[in-house]
Amino acid sequence: MKLRPIESFMFKLGVNIDHIATIREARYCGRGFGEPSPVEAARICEAAGAHGITAHLREDRRHIQDRDILELREKIGTRLNLEMANAPEIIANALKLRPAIVCIVPENRMEVTTEGGLDVVSAEKSLTETRRKMNDAGIEVSLFIAPDEKQIEAAARTGSQFIELHTGQFAEEFQAVSSRCDDWTAQRAIPAESKELHRLISGAKQAHALGLKVNAGHGLNYENLPALFRVPHLVELNIGHSIVSRAVFVGLEKAVHEMLALMKDYRG
Ligand code: PXP
């Protein structure tokens, strides 16, 4: 297998700071102020080496608020990746705020977190229109999808620059294996056991061949990440819950450092 030389690409970490806002909203919901500050968190992540900040402005505004996005847009020094539904109100907001990139995700009011990937096949026309509006405003577009051949083909037809492969199912499978053994054994067992890992590998290859850049995210943590490294062509990971959870015990700076240290082992 030919390895990409490590200096020829940078494997990037985007830290999803939604759950900093979740903690604030648990106490100050609807008040327009309160701690902890997502912007302060973003700055700590950037100082620790994160390459970008990801935030999801949900239609139900359950964590990140409009004012957070405005402030993040003004104050962060890296790239803001705005996760959003393909919905008119949020599209209008994004066009006003102009983040570096938007990641379009499906949204379901009752879900605890983003559950599945986008159905690009069914919504190809409207996603292509949104992609065009964003690109015309200088905003790159990523589509959050499952590693499904038809969805990847449709994503390429929309003209999007990126896809983000949904790693939620992979994380579930890893969890199931590690509940039977320890995390270290699971890291070695999962490549053979996980159908989803193999779907991610072929999805990444297919997307790369179609000219799409490939990100990945959802459910990634310090235990399952090394097992994901068999997936080629990854440009950026978007990770939130595990980093914010770890930060409770070791601080955000150290939590980001630890994730970046793990990512050094990725060979592309
Ligand atoms: N990427 C996307 C598109 C997401 O919707 C989420 C969850 O908001 C993440 C990444 C981060 O997932 P997690 O919080 O499980 O790391």
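For a quick check, take a GNM of the chain with Cα springs below 10 Å and name the residue from Gly159, Gly168, Gly211 with the largest mean-square fluctuation.
Gly211
May I ask you to compute the full-extension gain from Glu59 to Glu129, defined as 0.36 nm times their residue separation minus their alpha-carbon distance, rounded to one decimal in nm? All intermediate terms of the calculation are to be shown ahead of the outcome.
Details: separation 70, 0.36 × 70 = 25.20 nm, distance 1.97 nm.
Gain in length upon complete extension: 23.2 nm.
Using 0.36 nm times the number of residues separating Asn108 and Glu193, minus their current alpha carbon distance, what extension gain do you get?
Values: separation 85, 0.36 × 85 = 30.60 nm, distance 3.04 nm.
Net length gain for the segment: 27.6 nm.
Mind ordering 173-182, 199-208, 232-241 by average Cβ neighbours within 10 Å, highest first? Spell out each step's value before the answer.
Details: 173-182: 15.3, 199-208: 19.4, 232-241: 21.9.
Packing proxy ranking, top to bottom: 232-241, 199-208, 173-182.
Determine, from the Cβ-Cβ distance of Asp119 and Met10 and an R0 of 41 Å, the FRET efficiency 1/(1 + (r/R0)^6), rounded to the nearest 0.05. Numbers along the way, then the final one.
Values: r = 32 Å, r/R0 = 0.77.
Result of the calculation: an efficiency of 0.80.
When a/c reaches 1.5 or more, the comparison of a/b and b/c decides; with that in mind, is the stretch 17-90 rounded, prolate or oblate per its Cα gyration tensor? Each step should come with its number before you reach the end.
Numbers: a/c = 2.01, a/b = 1.18, b/c = 1.71.
Oblate, since a/c reaches 1.5 and b/c is not below a/b.
Put one equal scatterer on each alpha carbon of the stretch 115-208, apply the Debye formula with no solvent term, and list log10 I(q)/I(0) at q = 0.23 1/Å to two decimals.
Relative scattering, expressed as log10 I(q)/I(0), comes to -1.05.
If you average 1/r over all unlike Cα pairs in the chain and invert the result, what Kirkwood radius do you get in angstrom?
Working: mean 1/r = 0.0533 Å⁻¹.
Roughly 18.7 Å, rounded to one decimal.
With n ≥ 4 as the cut-off for DSSP H runs, can you work out [θ] at 222 nm for the chain, using -39500 (n - 2.57) per run divided by the number of residues, rounded to the nearest 500?
Calculated at 222 nm, the ellipticity per residue is -14500 deg cm²/dmol.
Calculate, for Leu95 and Ala176, the FRET efficiency according to 1/(1 + (r/R0)^6) with r their C-beta to C-beta distance and R0 51 Å; round to the nearest 0.05.
0.75
Work through the residues other than Lys195 whose Cβ is under 13 Å from its Cβ and net out their charges, Lys, Arg +1 and Asp, Glu -1. Could you put the intermediate results ahead of the total?
Details: positive: Arg199; negative: Asp148, Glu172, Glu173, Glu193, Glu196.
So the surrounding residues net to -4.
Just subtract the alpha-carbon distance of Leu70 and His257 from 0.36 nm times their residue separation and send over the number in nm, one decimal. If you can, show how the numbers build up before the last one.
On the way: separation 187, 0.36 × 187 = 67.32 nm, distance 2.65 nm.
My answer for the length gained is 64.7 nm.
Is the C-alpha gyration tensor of the stretch 156-268 telling us rounded, prolate or oblate? Criteria: a/c under 1.5 is rounded; beyond that, a/b larger than b/c is prolate, otherwise oblate.
Working: a/c = 2.09, a/b = 1.30, b/c = 1.60.
Taking the square roots of the gyration eigenvalues as a ≥ b ≥ c, the stretch 156-268 is oblate.
Just so you know, all these numbers are worked out from the coordinates, no wet-lab data involved. The structure presented is a predicted model; accordingly, all values stated were derived computationally and were not measured. Cβ coordinates were reconstructed from backbone atoms using ideal geometry, including for glycine residues, and neighbour counts include every protein chain displayed.
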